[in-house]
Structure formats: C-alpha cells, structure tokens
Amino acid sequence: MKKLILVLLAVITLSISFGQQIEKLDYCECQDIIDQITPDLNGIFERKCNGIIIEKGEFVNGLKNGEWITYSRKGKLIRKLNYDNGLLNGNVELFYLKGKQKVIGQFEKGKKTGKWIYYTKKGKILTEGSFVNNKPIETWIINDKKGKKPVVKYDFNSKIHLINNPTPFHKDGDIIQNENTEEWYILKSPELKYSSKPEPLGGYMFLNYMFIELVEVPEVFWDTYIYNKYKVNVKVSEDNGTIFNHQLFEGNFPEENLELTFLIITNPTSKINQIEHSDFEMKLLDFKIKEAMSLLPPWISNSDNSEVEFYIHYVINENMH
C-alpha cells in the first residue's frame with residue numbers, strides 16, 4: 001500500500017554536479033552519490049549520513065565490482081566484501097559492533113571456497129565447515145547459541161547426520177541491535193516448523209536465524225515503513241552445490257508455502273517516517289537481500305527433489321504496530 005509523502009520528512013532531490021548524481025534523503029540526513037543511476041548503475045558509489053561515509057563501492061554496468069565496505073552510523077567497520085562483475089570474489093569479512101568477527105570466508109568467482117566460520121557475539125564458533133568449488137565438504141557443525149556444544153553435525157562426504165538436534169535461536173519479542181544504525185529493534189518471530197527436500201543445514205529455523213543475522217537494515221530504511229516480498233528458488237546438486245535466484249513477489253502466497261521472515265519494529269508509530277522509497281533505494285536494497293542469501297550456510301541435497309521454492313517477508317514497521 002502506497003504511503004503519503006510527508007514533504008517535510010522525505011524530500012528527495014536529485015542533482016547532477018561534476019558528472020555525479022546525488023540523491024538526498026532529508027528524513028534521515030543521508031545522501032547517495034554515484035556517477036550514473038540510469039539506465040544502469042555505474043561508477044563510484046558513496047552513502048553518507050550526517051557527513052559520515054557508511055557505505056562505499058563501485059558499480060560497472062549495473063553490477064557491483066571491486067571492494068565494498070559498510071560502516072555503522074558511527075563509522076565502525078561492519079562489512080567488507082569483494083566483487084568481480086557482480087560475482088562475490090575474494091575474502092568475506094563481517095564484524096559485530098564491538099569489533100569481533102562475525103563471518104569469515106572466501107568466494108572465487110561467485111563460488112564459496114575454503115573454510116567458513118560464523119561466530120557468536122562473544123567470539124565463539126556458531127557454525128563452521130569448508131567448501132570446494134561451492135560444494136560443502138567433510139563435517140559441518142552448528143553449535144548452540146552460546147557456541148558451547150554441537151547441536152547439528154552433518155558429514156557431507158558420507159551424507160549422514162552425526163547429530164541433529166537443532167534448537168531455537170530467536171524467540172518472538174527479542175530485542176536485537178542493528179549493526180547499521182547501532183540502534184535496537186523488536187523482532188517478531190513466528191515459529192517455522194517446515195521441512196523440505198532439499199533442506200537447509202540445521203533446518204528452516206536455523207536458516208531464518210542466519211538470514212536475520214546476515215541481512216542489513218540500511219540507515220535509509222530505519223524508522224520507515226517497508227514490506228517487500230521475495231520469491232526464492234534454490235537448486236541443490238547431488239554433491240550439495242547450491243545456486244539460487246530471487247525476485248520481488250506481488251500477490252498472494254500459494255498455500256502451504258515455505259517462508260523466511262524478517263519482521264521488525266524499530267520505534268513507536270509517532271517516530272516512523274511515512275515516505276515513498278525511490279526506485280534507486282529499492283534497487284540498492286535488492287543487492288542486500290541477494291548478498292545475505294549468498295552468505296548463508298550450505299543446504300543438504302536429496303536425489304528425489306533437487307529444487308525448493310520459498311518466500312521471504314522483509315518487513316520494517318509495516319502493519320507491525
């Protein structure tokens with residue numbers, strides 16, 4: 001549902017200066033600077049909020065290229081990724097606000113490779129395992145939320161669970177700090193007791209937890225209303241290599257569908273800005289959704305059915321109060 005544009009809160013202006021295009025977002029004291037927006041994104045991109053650079057990178061013919069870095073609103077490094085013509089390529093480094101590592105891994109031309117480790121906020125190992133050419137190998141482990149003991153162990157070489165006792169990681173009403181804004185949100189977390197073949201390592205409950213941990217809430221969407229729905233198709237080969245594609249989805253969901261949910265409340269209604277996000281901002285958000293999907297742990301194949309379809313609810317404040 002379209003929102004009324006409150007002029008004083010959401011005056012969005014586009015100007016061209018010295019070959020650069022600047023989109024100013026007065027409601028959040030931010031501006032995006034890029035060489036070209038249409039017909040394709042091109043050139044150096046910078047997002048500044050309150051005069052501080054919080055994201056920078058480069059687009060080439062509509063694709064991310066080179067090093068992309070994200071900072072919190074106070075300038076703390078939270079994300080460093082590398083791209084090659086739209087494909088993740090090179091080291092992956094994600095950080096918690098206190099500086100501890102969140103995720104380390106590596107891509108080679110869009111394919112995961114080498115050791116991947118996902119950490120808890122206290123620096124304990126949450127999940128770890130290895131990839132070769134985008135295919136998980138050997139034993140992958142998921143520990144409990146505190147990183148103290150394994151709750152899932154899967155041997156991808158023999159295709160067998162050694163331990164399979166996944167436990168809840170989030171509960172409805174959890175209060176979580178957003179790394180982009182350094183503020184806190186209330187998470188609405190419905191139970192996800194789904195199963196499918198193929199299936200995500202640790203099940204959909206863990207997949208949803210990891211999606212929440214890996215997806216961003218950029219500064220320009222904080223304290224606004226947004227409800228995006230995405231349809232995701234996942235293909236898992238017999239050797240557990242995973243590829244996916246996603247697209248915005250409109251209309252009603254099919255019955256008995258599989259879902260991931262990111263449903264958050266950032267502030268009381270009186271503090272939420274009713275604005276219409278530009279196509280440019282929505283396109284940048286789409287990159288964030290794809291990025292989060294790319295960073296997820298592996299899936300487990302099943303020869304009977306190598307494809308699965310699910311839907312993502314990415315909701316900030318919309319119909320949540």
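The values are calculated or read from the model by the stated rules, or taken from the named source; none is laboratory data. Small disclaimer: the values here were computed from a predicted structure and weren't measured. In this analysis, Cβ positions are derived from the backbone assuming ideal geometry, glycine residues included, and neighbour counts consider all displayed protein chains.
Being under 14 Å from Phe262 (Cβ atoms) and either among the β-branched types (Val, Ile, Thr) or under 17 Å from the mean Cα position of the chain (by Cα) (or both) is the filter here, so list the residues in region 189-204 that pass it.
Listed by number, the residues that qualify are Ser189, Tyr204.
Could you please let me know if Gly110 is on the phi > 0 side of the Ramachandran plot, surrounded by 14 or more Cβ atoms within 10 Å (Cβ to Cβ), under 19 Å from the mean Cα position of the chain (by Cα) and of a type outside the set (Ser, Thr, Tyr)? Walk me through how you get there before you give the answer.
Working: on the phi > 0 side of the Ramachandran plot: yes; surrounded by 14 or more Cβ atoms within 10 Å (Cβ to Cβ): yes; under 19 Å from the mean Cα position of the chain (by Cα): yes; of a type outside the set (Ser, Thr, Tyr): yes.
Yes: the conditions hold for Gly110.
Would you check which residues across region 225-234 are in contact with a His (Cβ under 7 Å, 6 or more places away or on another chain) and either of a type in the set (Ser, Thr, Tyr) or free of Cβ contacts under 8 Å to residues at least 40 places away in the same chain (or both) and list them?
Tyr230
Looking only at region 52-111, count every residue that is touching a Pro at 6+ places or on another chain (Cβ under 9 Å) and either of a type in the set (A, V, I, L, M, F, W, C) or modelled with pLDDT under 95 (or both) and tell me the total.
Result for region 52-111: 1.
The rows are residues; the columns are (1) within 18 Å of Ile300 (Cα to Cα); (2) free of Cβ contacts under 8 Å to residues at least 60 places away in the same chain.
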site	(1), (2)
Leu94	no, no
Lys98	no, yes
Lys109	no, yes
Asn133	yes, no
Ile142	yes, no
Lys153	yes, yes
Ser158	yes, yes
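Among strands (runs of 3 or more DSSP E) lying entirely in region 195-287, which contain 2 or more residues that are of a type in the set (D, E, K, R)? So that I can check it myself, show each step before the final result.
On the way: elements: 226-236, 242-248, 258-265.
Hits in region 195-287: 226-236.
Looking at Ile175, Ile160, Ile137, Ile141, which one is of a type in the set (Val, Ile, Thr), on the phi < 0 side of the Ramachandran plot and in contact with a Lys or Arg (Cβ under 9 Å, 6 or more places away or on another chain)?
Ile141
Please go through (1) at negative phi; (2) surrounded by 15 or more Cβ atoms within 10 Å (Cβ to Cβ) for Pro39 and return the number of the only condition it doesn't satisfy.
If we test Pro39 against (1) at negative phi; (2) surrounded by 15 or more Cβ atoms within 10 Å (Cβ to Cβ), just (2) comes out false.
Counting only residues that are modelled with pLDDT of 95 or more and over 24 Å from the mean Cα position of the chain (by Cα), how many does region 25-49 have?
Of the residues in that region, 2 qualify.
Assess whether Arg79 counts as being in contact with a Leu (Cβ under 6 Å, 6 or more places away or on another chain) and within 25 Å of Trp184 (Cβ to Cβ).
Yes; evaluated as a whole, the condition is true for this residue.
With (1) over 20 Å from the mean Cα position of the chain (by Cα); (2) in a strand (DSSP E or B); (3) farther than 20 Å from Ser278 by Cβ as the list, and Lys74 as the residue in question, which single condition is left unmet?
So the condition that Lys74 fails would be (2).
Restricting to region 166-188, what's the tally of residues that are under 19 Å from Ile312 (Cα atoms), hydrophobic (A, V, I, L, M, F, W, C) and more than 16 Å from the chain's Cα centre (by Cα)?
Of the residues in that region, 2 qualify.
Residues that are touching a Ser or Thr at 6+ places or on another chain (Cβ under 8 Å), at least 2 per element: which strands (runs of 3 or more DSSP E) completely within region 115-184 meet that?
Details: elements: 125-132, 135-143, 150-155, 160-164, 175-177.
Strands (runs of 3 or more DSSP E) meeting the threshold: 125-132, 135-143, 150-155.
Only one residue in Ser306, Ser301 is closer than 27 Å to Val92 by Cβ, modelled with pLDDT under 95 and crowded, with 20+ Cβ neighbours inside 10 Å. Which one?
Only one candidate qualifies: Ser301.
Kindly provide the set of residues from region 244-258 that are touching a residue at least 24 places away in the same chain (Cβ under 8 Å) and closer than 21 Å to Ser301 by Cα, ordered by number.
If the condition is that a residue be touching a residue at least 24 places away in the same chain (Cβ under 8 Å) and closer than 21 Å to Ser301 by Cα, then Phe244, His246, Asn257, Leu258 are the ones that fit.
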